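Here is the structure we will look at, set down as structure tokens.
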Amino acid sequence: MVFAHDTEASLQAAVDLVNSGEDPDTLTTQEQVDAWYAKHRYTGRRDRDAAELADLRGVRPVLLDLLTADRDRAAGLVNAMLAEANAVPQLVRHGDIDWHLHAVSSDEPLVRRVVVETAMAVSDLVRGDEMARLSVCADDTCGSIVLDLTRNRSRRFCSTTCANRNAVAAYRARNRIQNRPVIS
Ligand SMILES: [Zn+2]
Ligand SMILES: [Zn+2]
């Protein structure tokens, strides 16, 4: 673990939410929201209505902007998001999740909690000068965000699909060069 467990969980949830907007969009049904919510162990209010789904879809560009901002701009965005939500960080412990921070009540709308949790997590990255943990996938055709939580900061692709596609492309390029007819 590189950061606090709730920081890592919040960042991963935000990255997955943003990346769901890559073509084809994978956040169009309540079942898909359920899967995202369960995967990231969200708790608290879940309306399961069209408005909540629309809000989650609509917040993706806002989170994308935050996750790809440089450090100074990210600081300003975090401050604005926390002030807007009247965030008050509180240590809480529930279920089997050990002490972590909530900054708005669990009966606030889901999208509001996602924004605040993401802002809180990014505040850790800003303070630690770790915004470089977030990048855009190194695949030329992919716009997904990569969250690199590896010790040696080696992660460049959003998924094994993108990593494999580029490994194959690199292999083919090497072969082309080696098999080029020798002109002498
Ligand atoms: Zn919690
Ligand atoms: Zn990718």
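The values are calculated or read from the model by the stated rules, or taken from the named source; none is laboratory data. The structure displayed is predicted, hence computed values, not measured ones. Note that each Cβ is placed from the backbone with ideal geometry, even for glycine, and that neighbours are counted across all protein chains shown. With ligands, DNA and RNA removed, areas are computed over all heavy atoms of the protein, side chains included. Shrake-Rupley method; radii C 1.70, N 1.55, O 1.52, S 1.80 Å.
When the chain is treated as a GNM with alpha-carbon contacts under 10 Å, the residue of 161, 118, 43 showing the greatest mean-square fluctuation is 161. Largest GNM mean-square fluctuation across 76, 95, 128, computed for the chain with C-alpha springs under 10 Å, falls on 95.
3J(HN,Hα) couplings calculated from phi for the range 23-33 with the Karplus curve 6.51 cos²θ - 1.76 cosθ + 1.60 (θ = phi - 60°) are, in sequence order, 5, x, 4, 10, 9, 10, 10, 4, 5, 5, 5 Hz; Gly and Pro show x.
Cysteine residues of the chain whose Cβ has no partner cysteine Cβ closer than 4.7 Å: 162. Solvent-accessible surface of the range 22-135, taken per residue with a 1.4 Å probe and all protein chains present: 54 Å². If you sort the three axes of the alpha carbon gyration tensor as a ≥ b ≥ c, you get a/c under 1.5 for the range 1-111, which makes it rounded. Extension gain for residue 41-residue 136 works out to 31.7 nm (0.36 nm per residue, less the C-alpha to C-alpha distance). Please find the FRET efficiency linking residue 30 to residue 172, where r is the Cβ-Cβ separation and R0 is fixed at 30 Å, and quote it to the nearest 0.05. Once rounded, the FRET efficiency stands at 0.10. Each helix, a run of at least 4 DSSP H residues, gives -39500 (n - 2.57); summed and divided by the residues of the chain, these come to -17000 deg cm²/dmol at 222 nm.
Annotation note: GluC sites (Glu not before Pro) in the range 17-110 located in DSSP loop regions with a Cβ neighbour count of at most 14 within 10 Å are absent.
Legend: translational diffusion of the range 38-184 by Stokes-Einstein, Rh = Kirkwood radius over C-alpha pairs, 10 °C, 1.306 mPa s; D = 88 µm²/s. May I ask you to derive the FRET efficiency for residue 107 and residue 161 from their Cβ-Cβ distance with R0 = 35 Å, giving the value to the nearest 0.05? Calculated value: 0.40. Using a Gaussian network model of the chain in which every pair of alpha carbons under 10 angstrom is joined by a spring, one finds that among 57, 165, 156 the greatest mean-square fluctuation is at 165.
Put simply, the C-alpha atoms of the range 55-96 give a gyration tensor, and the ellipsoid matching it has half-axes of 22, 15, 11 Å, longest first.
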